[in-house]
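The values are calculated or read from the model by the stated rules, or taken from the named source; none is laboratory data. Predicted model, so just to flag it, every value in this text is computed and none were measured. Cβ atoms come from the backbone with ideal geometry, glycine included; neighbour counts cover every protein chain shown.
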Ligand SMILES: Nc1ncnc2c1ncn2[C@@H]1O[C@H](COP(=O)(O)OP(=O)(O)OP(=O)(O)O)[C@@H](O)[C@H]1O
Ligand SMILES: [Mg+2]
């Protein structure tokens with residue numbers, strides 16, 4: 001097997017609660033997970049089970065209390081060193097897009113941070129917008145002038161423009177209506193085939209997760225209680241909590 005892009009081993013995240021910080025709450029408990037190049041792992045589980053926390057750990061946005069992380073086979077290192085290699089797409093594109101910035105500038109910004117020259121920037125922004133199915137006219141539009149689905153496409157273009165090796169989608173399609181959801185899921189699948197990034201697809205929605213994911217990891221109270229190929233999981237889920245989740249959508 002090729003080297004996984006992200007490897008987590010024995011990850012624990014303890015949040016300090018209580019006024020004096022004496023009390024601790026383990027939001028993530030001893031999680032090990034690896035995600036390959038071009039692979040999507042669907043992360044499902046009830047609200048508060050630790051999915052977002054784990055996603056943030058994968059991106060280096062949150063330091064684990066315990067455990068080790070590797071990226072592309074090397075120690076994770078600092079965020080600076082990983083600039084442009086990691087991205088996130090959130091539920092509300094409003095959070096990723098500056099309302100006062102035209103869409104073209106929003107997509108261009110990560111390239112600017114990487115120091116890409118202006119000619120190449122313009123060309124990559126145009127190619128990326130085309131890639132997410134938006135015509136050149138969108139470059140000069142503001143996020144407020146777009147539909148929710150179009151805004152999410154711009155957010156995806158921004159997340160992908162640096163050609164990251166790994167992306168976390170945290171409830172990325174949950175706020176969209178069902179037909180737009182299907183379009184965006186298709187788009188993500190196509191982009192992954194083309195760009196080959198590894199992905200963690202966090203969702204409450206088992207049907208959406210099934211569509212995209214090669215593997216499913218089920219989180220329950222901070223632990224991964226099942227990690228199985230999609231076909232196995234959707235055929236015969238193993239853990240009682242997975243079966244309960246499945247019966248909820250049957
Ligand atoms: N900064 C924080 N400080 C203290 N506790 C936190 C913090 N962030 C999250 N938590 C707690 O950690 C647990 C896991 O939260 P997390 O956001 O990872 O869950 P989730 O699975 O993403 O939930 P949801 O499906 O609702 O988004 C929750 O009990 C939450 O209240
Ligand atoms: Mg969450």
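Of the residues making up region 231-247, those that are closer than 17 Å to residue 214 by Cβ and in a helix (DSSP H, G or I) are 231, 232, 233, 234, 235, 242.
Checking each residue in region 222-242 for being over 28 Å from residue 193 (Cα atoms), in contact with a helix residue (DSSP H, G or I) (Cβ under 9 Å, 6 or more places away or on another chain) and modelled with pLDDT of 90 or more picks out 222, 225.
Here the strands (runs of 3 or more DSSP E) wholly within region 146-230 that include at least 1 residues being within 16 Å of ligand 1 (Cβ to nearest atom), over 30 Å from residue 100 (Cα atoms) and in contact (Cβ under 8 Å) with a residue 24 or more places away in the chain are 215-220, 223-229.
Which one of these is within 16 Å of ligand 2 (Cβ to nearest atom), in contact with a helix residue (DSSP H, G or I) (Cβ under 9 Å, 6 or more places away or on another chain) and over 17 Å from residue 221 (Cβ atoms): 43, 61, 86, 97? Working first, answer last.
Working: 43 fails: over 17 Å from residue 221 (Cβ atoms); 86 fails: within 16 Å of ligand 2 (Cβ to nearest atom); 97 fails: within 16 Å of ligand 2 (Cβ to nearest atom).
When all the criteria are applied, what remains is 61.
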